[in-house]
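The values are calculated or read from the model by the stated rules, or taken from the named source; none is laboratory data. Computed from a predicted structure; not experimentally measured. A quick note on method: Cβ atoms are made from the backbone with ideal geometry, for glycine too, and the neighbour counts reach across all protein chains shown. Accessible surface is based on the protein model in full, side chains and every heavy atom, while ligands, DNA and RNA are left aside. Shrake-Rupley method; radii C 1.70, N 1.55, O 1.52, S 1.80 Å.
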Amino acid sequence: MSMKWTLADAPSQVGKRFFITGGNSGVGYYAAVELARRGAVVVLACRDRTRGEAALKQLRVDAVGPASAAGAAELIELDLASLDSVRRVAESVAASGIAVDALINNAGVMAPPKRLETKDGFELQFGTNVLGHFALTCRMLPMVRTSVVTVASIGHKRGRINFDDLQSTRSYNGLAAYYQTKLADLMFALELERRLRAAGSAVKSIAVHPGVAQTKLFKVGSGKGLAGIAEKVIQGSIGLLMNTGPDGALPTIFAAGSPDAQGGGYYGPQGIQETRGSYVGEAIVSKAARDVEAQQRLWGICAELTGVDWPG
């Protein structure tokens, strides 16, 4: 691939179908817009139906173009914090008999100040970002034609897999727990690629990150008084290094829609130490993420906690 892949290099997506978790906002939405603009049918898998419907309506306005398939875009309710919801959605996709070209594991929760739990009793970030997507992928793989794209983070380099306290029950730090999940997502993607190759599958597992993207994940605080003024100053300073939402979606678009994306690859923006940029290239994988023994151990734990595995 060119080390400076841009949106102008994106091929036609006519006839393709993409399933995007969290496709109603942020980089997931921008990826959906560009894929639909190029002719793909996009399925927005969202937790909140009202917000999903609003996003679907807006997508049909934003994804204009001579080949656009925005009018065929679909919405499906999916709560990754509920393994029952994941099971029902996967069963619904299977029952439809309509395969997807790429499953895009995009949705995520970032650093709630207090420890929260999913409906199944898992720490919210680990349960949503890791276990929810793990279970969805294992259940939907028979319906995937080309690739599974997992959105990790540049923050994975700061992550550490605490096998003795994966659920942060002994101590909780929101940001540390988030970094752990993003490291886990990248490790999952790499282990999935190894399993796909061993099984002789034609499906590829690809990981991406959006840089430091301007999304709702960074909108915190009350915005009032002196605290609000300080927050605006901080956000303005950070904004100098942050990627735009549309540019943050480029690695996802590349991984899902370009034949140049390689199985086992990890891609991200190439400007200012991978924090931003309008072109995509190979991203840096931390030493911790490349630990094969840890990847396999994490996979086994995820399979045990969710009750699903692949190959099953």
Would you confirm whether any residue within the stretch 120-135 is touching a residue at least 24 places away in the same chain (Cβ under 8 Å), over 27 Å from residue 284 (Cα atoms), open to solvent by less than 20 Å² (accessible area, probe 1.4 Å) and in contact with a Cys (Cβ under 7 Å, 6 or more places away or on another chain)? no
Checked the stretch 152-184 for anything in contact with a strand residue (DSSP E or B) (Cβ under 6 Å, 6 or more places away or on another chain) and open to solvent by 20 Å² or more (accessible area, probe 1.4 Å); matches are 167
Residue list for the stretch 259-280, filter: in contact with a Phe, Trp or Tyr (Cβ under 9 Å, 6 or more places away or on another chain) and open to solvent by less than 10 Å² (accessible area, probe 1.4 Å): 261, 267, 269, 280
From the list 184, 202, pick out the single residue that is closer than 20 Å to residue 126 by Cβ and modelled with pLDDT of 95 or more. 184
Which of the helices (runs of 4 or more DSSP H) found entirely inside the stretch 3-120 contain at least 2 residues meeting this: at pLDDT 95 or above and acidic (Asp, Glu)? 49-62, 83-96
Residues of the stretch 173-187 that turn out to be farther than 10 Å from residue 155 by Cβ, of a type outside the set (A, V, I, L, M) and touching a His at 6+ places or on another chain (Cβ under 6 Å), as a count: 0
In the set 94, 81, 102, the lone residue that is small (Gly, Ala, Ser), more than 15 Å from residue 23 (Cα to Cα), open to solvent by less than 50 Å² (accessible area, probe 1.4 Å) and in contact (Cβ under 8 Å) with a residue 12 or more places away in the chain is 81
For the stretch 59-73, which positions are touching a Phe, Trp or Tyr at 6+ places or on another chain (Cβ under 9 Å) and either open to solvent by 50 Å² or more (accessible area, probe 1.4 Å) or closer than 11 Å to residue 45 by Cβ (or both)? 62
Condition (residue is modelled with pLDDT under 85, part of a strand (DSSP E or B) and over 16 Å from the mean Cα position of the chain (by Cα)) applied to the stretch 277-287: is it met by at least one residue? yes
From 211, 239, 221, 300, which residue is at pLDDT below 85 and open to solvent by less than 40 Å² (accessible area, probe 1.4 Å)? 239
Selection within the stretch 1-56 - open to solvent by less than 60 Å² (accessible area, probe 1.4 Å) and aromatic (Phe, Trp, Tyr): 5, 18, 19, 29
